[in-house]
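Right, one structure below, let's go through it.
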Amino acid sequence: MKKKIITILSVAVLSLLTTNSAFAFTQENYAKEVKVEVHNTFSTSLHLTGIYKLENLTTKEMFYALPNTPITFSQVNGEISIYQAGASMYSANGFALHALSGNEKMVVFTSGVDGKKGASADYEVVNSYRAFQGAYLVNEFTNANGELWYSITDEQGVSSWVPATSATVGAVVTGPLGKTPNGTQYRGSFSVVKSGTNAQIVNRLDLENYLKGVVPNESYASWHQEALKAQAVTARSFTLSKAGILSSTTKDQMYKGYTSEKASTNSAVEATNGLVLKSGGKLVEAFYYAASGGRTANISEVWNSTQVPHYVSVDDSIEKSPYDNWSVSIPAANILTKFGFNASTDMLLDVKLTKGGSNGEVTAVTVVTSTGEKTINGNESIIRGLFLDANKASLKSNWFDISFTKPTGTTDLAVQQVNGSTPITSLTGMSVQTSAGVETISSGSAMIQTKDGVASTTATTGAPSSVTVNGKGYGHRIGMSQWGAKARADAGWTYDRILKHYYQGVTIEKQ
């Protein structure tokens, strides 16, 4: 009996030690927030290194997510579900996880629990809590029954005791990180929302920290610091020109988060903090790519758009890269299929290129087959996609030539006109005079009487199984060449001089 009295007195004393001090942690806010998709699948997860505020985006209620414990998200019946440490919750609009910074220890409830006046179930209830709610940890105590209880103060300043069986202690840390299922860690905060039938994880963070996860993946961290600075400014300008949720792939910019950061590239980002490219006082959407092949392109010629002063073709002969010259073999069947012909029955007779770009960039391709011909015009991405290799990869650029041997038996065609002859690729649709009258040729296949005898307009044997494409450069070739920037930095150019070469007439200013 005496022992029990002492225990109760101890509990009473500990209760007096609780305080109503406000939470000292801070929630991260981003003046220039970037949103980027980092995972998208039916069921996904995050592993957090610190406690995050957890917001239900439907009800706007605020909870907490535990650190060092997997937190799983799925889309179930049109809602995003969250599951952690045995507790679950649903939201039609998904959840936001807000990064917290500080050094507090907190208690997060893993199930519904009553806060009591003392460290025993016998005490009266002070307040009731739900799973995922949390409170500031003041102290802990093991009672006479061997039960561990936590002394807490919640965000409203209410103090009470809760059993450890319904709660977990976690820490608010400085610089919290979230890790996705592929093992990549990211700075900042997250949102988990519906994307089709999937749960999409969106990383939300400050622009400068985002760039630290971009620059080492768009350039090599071992490159000259001036080249990395040029990359940082272009990446910053490109990012600010975009709206909505960015891709973490080269569809926008390659982003691999905190895991990929390097000291050299972080230094380049910090040294150019806030600097962007402008033209006429307006932000430049700073396009860049791997290698020009010796000369950059005019934007109007490769993207079929209006010419922009800062995207004119400039010399890049200083560039040295693995893509100075490249060659790839393209299966004839892939070309036939891409142009809508039957690769099993049709024969590829010829491939003709239209080079509409100032440097010889291809702007249209015509294929001639045993059953007709077809021409496709388009920008550089369309042209590159017409030639798929055995792995279905497109060409590296639209600056190329082809090597093609016509099948045995094919005959070049020309129409004799008043002012001379005009080459043609097919007789399909042509009208000819025969002994039976004027007839229209329904296909390009015909026998023609010439001074040297009867000739066929189609192949008889030996159709090539592939076409060899020889090209230069890698990418759209508009704006800055990354390999060219490296060469110029190695030659002593500063980052601003590099940028003003590739983007003619621009200024470099604080955003």
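We did not get these values from a lab; they are worked out from the coordinates using the rules stated. Computed from a prediction, not measured in an experiment: that's the story for all the values here. FYI the Cβ positions are ideal-geometry reconstructions off the backbone, even for glycines, and counts take in every protein chain you see.
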Under the rule rounded for a/c under 1.5, else prolate if a/b exceeds b/c, else oblate, using alpha carbon gyration tensor axes a ≥ b ≥ c, the stretch 470-511 is classed as oblate
The aspartates and glutamates whose Cα lies under 17 Å from the Cα of K262, excluding any fewer than 8 residues away in the same chain, are E208, E218, E226, E270
In whole angstrom, the spacing between the Cα centers of the stretch 169-228 and the stretch 293-361 equals 35
Surrounding charge for W399, neighbours by C-beta under 11 angstrom, Lys/Arg +1, Asp/Glu -1, total +2
Expected vector for the stretch 50-62, Karplus 3J(HN,Hα) from phi with 6.51, -1.76, 1.60 and θ = phi - 60°, integer Hz, x for Gly and Pro, equals x, 6, 10, 5, 10, 10, 7, 6, 8, 8, 6, 6, 10
Note, H224: beta-carbon cut-off 12 Å, +1 each Lys/Arg, -1 each Asp/Glu, net +1
Residue separation between S128 and K392 times 0.36 nm, minus their alpha-carbon distance, gives in nm 89.0 nm
To the nearest 0.05, the calculated FRET efficiency linking N377 and A263 through their beta-carbon distance, R0 being 56 Å, is 0.75
The answer for the net charge of residues other than A135 whose Cβ lies under 11 angstrom from its Cβ, with Lys and Arg +1 and Asp and Glu -1, is -2
Nearest-0.05 FRET efficiency for E439 and K105 at R0 = 60 Å, using Cβ-Cβ distance, is 0.05
Those GluC sites (Glu not before Pro) from the stretch 94-176 that are DSSP loop and have at most 12 other Cβ neighbours within 10 Å turn out to be E124, E155
Partner aspartates and glutamates whose C-alpha sits under 12 Å from that of K53, ignoring same-chain residues fewer than 8 away, are E28, E61
Diffing the stretch 323-340: the Karplus 3J(HN,Hα) column from phi (6.51, -1.76, 1.60, θ = phi - 60°), in whole Hz with x for Gly and Pro, holds 10, 4, 9, 9, 9, 9, 9, 10, x, 4, 4, 5, 5, 4, 5, 5, 8, x
In terms of the alpha carbon gyration tensor, root eigenvalues a ≥ b ≥ c, rounded if a/c is under 1.5 and otherwise prolate when a/b exceeds b/c or oblate, the stretch 223-268 is oblate
Which of (1) 208; (2) 139; (3) 156 gives volume of the Cα convex hull per residue in Å³ as computed here? It is (1)
Here FRET efficiency (C-beta to C-beta, N77 to D315, R₀ 60 Å, nearest 0.05) is 0.50
Where a ≥ b ≥ c are root eigenvalues of the Cα gyration tensor, a/c under 1.5 meaning rounded, otherwise prolate if a/b exceeds b/c and oblate otherwise, the stretch 260-308 counts as oblate
Number of Lys pairs in the stretch 318-407 closer than 22 Å at Cα, excluding neighbours under 8 places apart unless interchain, is 16
